[in-house]
1. Would you work out which of A:LEU268, A:LEU61, A:LEU159 lies farthest towards the positive end of the dipole of chain A, given +1 charges on the beta-carbon of Lys and Arg and -1 on that of Asp and Glu, about the Cα centre?
2. What angle do you read, to the nearest 10 degrees and between 0 and 90, between the alpha-carbon axis of helix A:2-12 and the longest principal axis of chain A?
3. Helix A:86-105 sits at what angle to the longest principal axis of chain A, using alpha carbons and giving 0 to 90 degrees rounded to 10?
4. Starting with the fewest neighbours, write out B:SER156, A:SER120 ranked by other beta-carbon atoms found within 10 Å of each beta-carbon.
5. Per 0.36 nm of contour for each residue apart, how much would the distance between A:SER120 and A:ARG284 grow if the chain were fully extended, relative to their Cα-Cα spacing?
6. What's the longest uninterrupted piece of chain B once you rule out the trypsin sites (Lys or Arg not before Pro) that are loop residues per DSSP with at most 14 other Cβ within 10 Å?
7. Could you give the length gained on full extension between A:LEU277 and A:LEU81, defined as 0.36 nm per residue of separation minus the Cα-Cα distance, in nm?
8. Ignore the peptide's own chain and count Cβ atoms of other chains within 10 Å of each Cβ in B:74-80; give me the average, rounded.
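Rule-based calculations on the coordinates, nothing more; no lab input. Small disclaimer: the values here were computed from a predicted structure and weren't measured. Virtual Cβ from ideal backbone geometry, glycine too; neighbours counted across all protein chains shown.
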Amino acid sequence: MIQVLLDMLVTGLPLVPVFLGIYTVFRLRADFDLTVEGSFVLGGAVCALTLVHGWPSWLALLAGMAGAAAAGAVTALIHLLLRVPVLLAGLVMSIGLFSVNLHVLDTPTLSLGTEGTLFSGFGSLSGRQADLATSGVMAGVVAVVLVAFGLFLRTELGLALRATGVNARMARSQGVNDRRLTVLALVLANGLAGLGASLAVQYQGYADVNMGGGTFVAGVGAVLLGELFVRPSGSKLVRIVGCVLVGTLAYRLVLVGALRVGLPAGDLRGVTALTLLVAIAAERYLGALGGLTRTLARTARSARTPIRQEAA
Amino acid sequence: MLRLDDIDLIYNAGRVDEVVALRNLSVTFERGQFVTIVGTNGAGKSSLIQTISGAARPTRGRVHLDGRDVTRLPDHRRAGWIARVFDDPRAGTAPELSIEDNLALAMARGRARGLRFAVTARRRAVMREHVAGLGLGLENRLADRVGLLSAGQRQSLTMVMAALSAPSVLLLDEHLAALDPGTTATVLALTTELVRELGATTVMVTHNMDHALALGDRLLVMSRGRVIADYDGTEKSEMTVGGLIDRITGAGDAVSDRSALIEKVA
């Protein structure tokens, strides 16, 4: 059981920044950015390449982040200059990035060796202790990312970002530059994907040109799963980061569990798709339940503080 | 002073589905003037509002605000001087964000948005003071989602948001149209109070002839993209709803059911 949880942590924690990026576009901006399928690999590839060239592990992490963020910037440019939807711009990028990634890696799979990563020091430890130390380092990085992201959402810029996804017309009438925030959201989301990919690459010791497939669907599934447990909304910022954290780990727990019961690795994508479906179904089916508890909570609250309601 | 020079606003120019929204429109609004605008559907009232706000860029002509040419500035760059209240109560606020987040968004209007916290204790105190004036008890519900508010409450909140950054122009685009009669009276009272307090040049589009005559110190009648009548304060005070409707129908426009209905009741 403990091993299942450790597996969940070491494979799940690197995905938290990635899915936080997907949440940013999917929920905060109410849009779809498929760039992540390619930028995730690009981030990992850049990280692997810089590591092979002897860069320090922390710098390689940031390099991976920057590489993926640049991909997001290109998507934003395509969207703004050619006036195509973000969905289409991202789709084009995700296809094109495959070739770019192959050139960056120069081989379908680039191995790192055992030295120079964030987790190299743990080689001498026993399996379980190494996992514990690994997840500790990952948790540290993820915690910094989540706190920084939560604080960013509280700033004027972060608030403007949240507003554009809910009511773009209103945001513009309040002086928010919608186009600039589109760029910011895409750069941020893909940068986070690159950061997560760099963590994953450093842990697994190699970068693979196919490692990004299905990232988007997995992220959406994790977000929906998280929303079942934690009900986030535009102004509940702790819940937003909590939703991503819980959703990601729950999603990984499902996959790790599936492997444990003996499913072949090839079935994992099927399990991912099923998880997504179950999350959607649960959202629909349990939606009424959630609504009921919310109504009860509201009644209880208004009973405590009488509010003058206006006829409407 | 807000001046529109020779404005044409044409959609799909040169195509079979060409729509002329405004034609040769020139009008000057003096600083602090409160102007009401009436006209039938398609007369160009909302197009005029959009041209002033920057949501629509005119095909020809210039827009001047306080001596500077703002024709090429998009709406978000004019937001520091120009505040808008929409006809749809849902349009002016972000329903999923809290009341204080909506207010904070309005507070940063006209400034560069940076990495300062949007809601601080000091700003919250200012917000409380502003919404307390509404008498709706919203000052105790700052953390509530705006989606929980009624249409009238949301429209009142939008009015407060419009006033927060002391705009020099206030645009009210049929902002009472979607409210029930009781709420209309409340928001109307708030409107007159706010306009007096702000001293901003105010342009109010309405379908309600009574409101058009009772409020403000100047009345414009629009038809087919032009201003066909321009009444100053004294002329306006002598005008009746019937006379106003005659003026509109005289231009060959059918008065909408809504406006006609109001006349029957009156």
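1. About the Cα centre, the residue reaching furthest to the positive side is A:LEU159.
2. 90
3. 20
4. On the way: B:SER156 27, A:SER120 15.
Starting with the residue having the fewest Cβ neighbours, the order is A:SER120, B:SER156.
5. Details: separation 164, 0.36 × 164 = 59.04 nm, distance 4.50 nm.
Taking A:SER120 through A:ARG284 to full extension adds about 54.5 nm, to one decimal.
6. B:117-266
7. Numbers: separation 196, 0.36 × 196 = 70.56 nm, distance 3.54 nm.
Here the segment from A:LEU277 to A:LEU81 would lengthen by 67.0 nm.
8. Details: counts 4, 6, 10, 3, 3, 7, 1.
Mean number of neighbouring Cβ atoms from other chains: 5.
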